[in-house]
Amino acid sequence: MEKIRVLVAARPRLMRELVIELISGQPDIEVMAEVQDDSKIADLVQEVQADCVIIGLESSDSRPDLCDSLFERYPHLKILALASERNSCIYYWATINIRSSRVETSEKGILDALRGRRPVGATVLMPEGSKKVN
């Protein structure tokens with residue numbers, strides 16, 4: 001069984017220590033590194049091949065900017081954001097949503113598709129076996 005590789009970057013230090021203590025005894029989770037400086041997180045994700053990063057959460061009203069920059073470089077990454085003073089925890093992940101639609105077989109249809117214009121009245125085709133979500 002492959003272990004979940006975790007990078008712990010939560011602040012303050014006490015929270016990092018508590019999180020490490022909580023997850024280090026789990027047989028399927030491995031703490032790969034601990035980082036105090038947010039500017040080093042992105043490089044460490046690559047270095048330790050992290051599956052998940054645990055960060056501190058400043059405000060539960062908006063997604064931390066760090067999430068966006070990490071997802072740009074590592075779209076497979078999972079991020080767990082903790083806010084101890086508000087007893088709050090938010091889990092972030094990115095997904096790829098693949099869609100398709102029929103294109104008119106003409107110069108206009110091909111050029112519109114290349115420009116990202118979906119034809120009026122186009123039906124989005126879902127892969128076989130997938131569920132349509134509204």
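Since every read-out is calculated from the coordinates, none of them should be taken as a lab result. A quick note: this is a predicted structure, and the numbers were derived from the prediction, not measured. Here the Cβ is made from the backbone with ideal geometry for all residues, glycine too, and neighbour counts use every protein chain on show.
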Notebook entry, point to check: Using a Gaussian network for the chain with springs between C-alpha atoms less than 10 Å apart, which of these wobbles most: Ala81, Ala94, Ala113?
Noted result: Ala113
Note to self: Students often get this wrong: which residues of the range 29-59 have the backbone nitrogen under 17 Å from the point 7 angstrom along Cα-to-C-beta of Arg86?
What the structure shows: 55-59
Next item on the list: Give the calculated FRET efficiency between Ser100 and Asp61 to the nearest 0.05, with a Förster radius of 30 Å applied to their Cβ-Cβ distance.
Entry: 0.25
Margin query: Please report the antiparallel percentage of DSSP beta bridges with both residues in the chain, rounded to the nearest 5.
Written below: 35
Notebook entry, point to check: Label points 7 Å out from Cα along the Cβ direction at Glu107 and Lys3: separation in nm?
Noted result: 6.2
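Count charges around Ile23 for me, please; just the other residues with Cβ under 15 Å from its Cβ, Lys/Arg as +1, Asp/Glu as -1. Intermediate values should be presented prior to the final figure.
On the way: positive: Lys3, Arg5, Arg16, Lys78; negative: Glu17, Glu21, Asp28, Glu30, Glu34, Asp51.
So the environment of Ile23 carries a net charge of -2.
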Check: What angle, in degrees between 0 and 90 and rounded to the nearest 10, separates the Cα long axis of helix 13-24 from the longest principal axis of the Cα atoms of the chain?
Finding: 80
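So for the chain, averaging the separation of alpha carbon pairs under 8 Å that are six or more residues apart and normalising by length, what relative contact order in percent results? All intermediate terms of the calculation are to be shown ahead of the outcome.
Values: 182 pairs, mean separation 24.9, N = 134.
About 19 percent, as a whole number.
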Note to self: Straight-line reach from Lys78: which aspartates and glutamates fall under 13 Å, measuring Cα to Cα and dropping same-chain residues less than 8 apart?
What the structure shows: Asp51, Asp68
Checklist line | Summed residue charge, Cβ within 14 Å of Ala81's Cβ, Lys/Arg positive, Asp/Glu negative | finding: -1
Next item on the list: Would you mind telling me which residue in Asp43, Asp61, Asp28 has the biggest mean-square fluctuation in a Gaussian network model of the chain, where springs connect alpha carbons within a distance under 10 angstrom?
Entry: Asp61
